[in-house]
1. Take ALA260 and decide whether it is under 22 Å from ILE133 (Cβ atoms), in contact (Cβ under 8 Å) with a residue 24 or more places away in the chain, aliphatic (A, V, I, L, M) and surrounded by fewer than 20 Cβ atoms within 10 Å (Cβ to Cβ).
2. Looking only at region 393-413, filter to residues that are over 16 Å from PRO383 (Cβ atoms) and at pLDDT 95 or above; which one of those is most open to solvent (accessible area, probe 1.4 Å)?
3. May I ask you to list the residues in region 301-322 that are within 16 Å of the chain's Cα centre (by Cα) and at pLDDT below 95?
4. So which of GLY298, GLY291 is closer than 24 Å to LEU341 by Cβ and within 18 Å of the chain's Cα centre (by Cα)?
5. Every residue in region 130-155 that is surrounded by 17 or more Cβ atoms within 10 Å (Cβ to Cβ), in contact (Cβ under 8 Å) with a residue 40 or more places away in the chain and under 16 Å from GLY104 (Cβ atoms), please.
6. Has region 119-128 got any residue that is open to solvent by less than 20 Å² (accessible area, probe 1.4 Å) and more than 21 Å from TRP15 (Cβ to Cβ)?
7. Somewhere in region 233-254, is a residue open to solvent by less than 20 Å² (accessible area, probe 1.4 Å), at pLDDT 95 or above, in a strand (DSSP E or B) and under 18 Å from LEU38 (Cα atoms)?
Amino acid sequence: MPLVCLFLLAGAGLWAAYPLSISSDGHGFIDKAGNRFLLLGDTGWLIQRQPLDQVEWYFEQRRNQGFNTVMVDLVPLYYEVGTGKLDVSRGPREDANGNKPLGGDRWREANEAYFNYTLQICQAAEARGMLLILQVPVVNLVQSIMQYPTSEQEAAARRLGSIVGARFAAVQNLLWSPSHGDQDLAGNKALVRAFVIGLRSSGANQLVTSQGMWRESSREQLQGEDWLDVNGVYTYFPGDRFKAPQVYAAMTRAVAAKPAMPAFLLESQYEHGPFPLLYPRRQAWWAILSGAAGMNYGSEKIYFFEKDSWRDSVWSPGAEQMMVIHKFLADNDNQRWLPDLAGELLAEGEGMRYLGTLVEDGGSDFATAARREDGRAWAVYFPTTRNVIELRTATVAGHSRAWWMDPTTGVKSECQLRLPSLDRRLHVTPPAESNGGGGGDWVLVLVKE
């Protein structure tokens, strides 16, 4: 087991006493004990496919790595390989015991054995201080799997909400996510709203987020819906021909929206997908230093939980690099980081901000600077190498220490803060052109002690 995980085995205050609630400023989470909670998640979509001992092993490994949240598809469906098209003919997927969540004519009745097993998974997560985000593909279920006519779909969605809500109302370590990635939330508001009404009517009062199309956050797609508690940011293929925003652009927009609502990176690029390892590492730092209340990581070799092959990827390079950011956050008391939108710190070296153009991967070199919530530290993530980095001395003044951190290993190198007597800018340089992973990204941290 890598040495970097030892700080977690001793306990780093990343886990919670549930249920969660919204912080007084509206931007974050607090737990039952009043402690700050940053959502640090993994997308374990089909965890129910594994027997309970394997589920517990997986939770233990993720906890040791500093993850405190797992996102799970409560009613997983089949999709065609290659096209991603919903396979209606097969109904919902089975769990490890061969049970489907729904049965009966057109899959309209609950299967108690399936939900009882999922409750055991919830209990296993809570025993380890972990949150589960339960996603329910409401629109696909009501319209395509259950095949309700349009006139009956709202009532069916409400009934579905009451069915699952009644079974999970007593579970404290939950965050609900009705709908599914790439769904038109704006066009299906009524169905998702009806589902949440069903949840609430059955006594399920946990917080609710949602996932829709990957160009906008759930809040942007669900304008006017007062049941939404948490804003999920979902952005795929950023900056290319799909014109999806870079993570920092989507997140700063979500954080700035009024009235305040916690925003977190619900889903983006996966490790072991078509993009290099830099992408999941970069998006995590971008999200946190853009004011996020948390972020999800994911591995394409894990979330299907195929046979035993998924176990070999749990301690992947990407997961270990998430441990670096988890430790960074724990060392900073799980405080949120407020993005430097006014440019108080960086005088030179910010890079090109994403402006919503069709430029290939536009804005991928943008450096996100942020101030810790209590004002006693700054951090900047530089995703690429650059010739000149200059800090404003008026902002640096009063900070007694600074260091460069390798985001692939967590190794720190001291950065001298010798303020020039005449110039208003301080030139700084990373300790090497490449980090331990061979990339050009670095993190600069300044603290007041």
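1. yes
2. LYS412
3. TYR303
4. Only one candidate qualifies: GLY291.
5. LEU141, VAL142, ILE145, MET146
6. Taking every residue of region 119-128 in turn, none turns out to be open to solvent by less than 20 Å² (accessible area, probe 1.4 Å) and more than 21 Å from TRP15 (Cβ to Cβ).
7. Yes, that holds for at least one residue.
Residues are listed down the side, and each one gets a yes or a no for (1) more than 23 Å from PHE264 (Cβ to Cβ); (2) aliphatic (A, V, I, L, M):
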residue	(1), (2)
ILE121	no, yes
ALA127	yes, yes
HIS180	no, no
ASN188	no, no
ARG200	no, no
SER217	no, no
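The values are calculated or read from the model by the stated rules, or taken from the named source; none is laboratory data. Source: prediction; values computed, not measured. Backbone-built Cβ (ideal geometry, glycine too); neighbour counts: all protein chains shown. Calculation scope for accessible area: heavy atoms of the full protein, side chains included, ligands and nucleic acids excluded. Shrake-Rupley method; radii C 1.70, N 1.55, O 1.52, S 1.80 Å.
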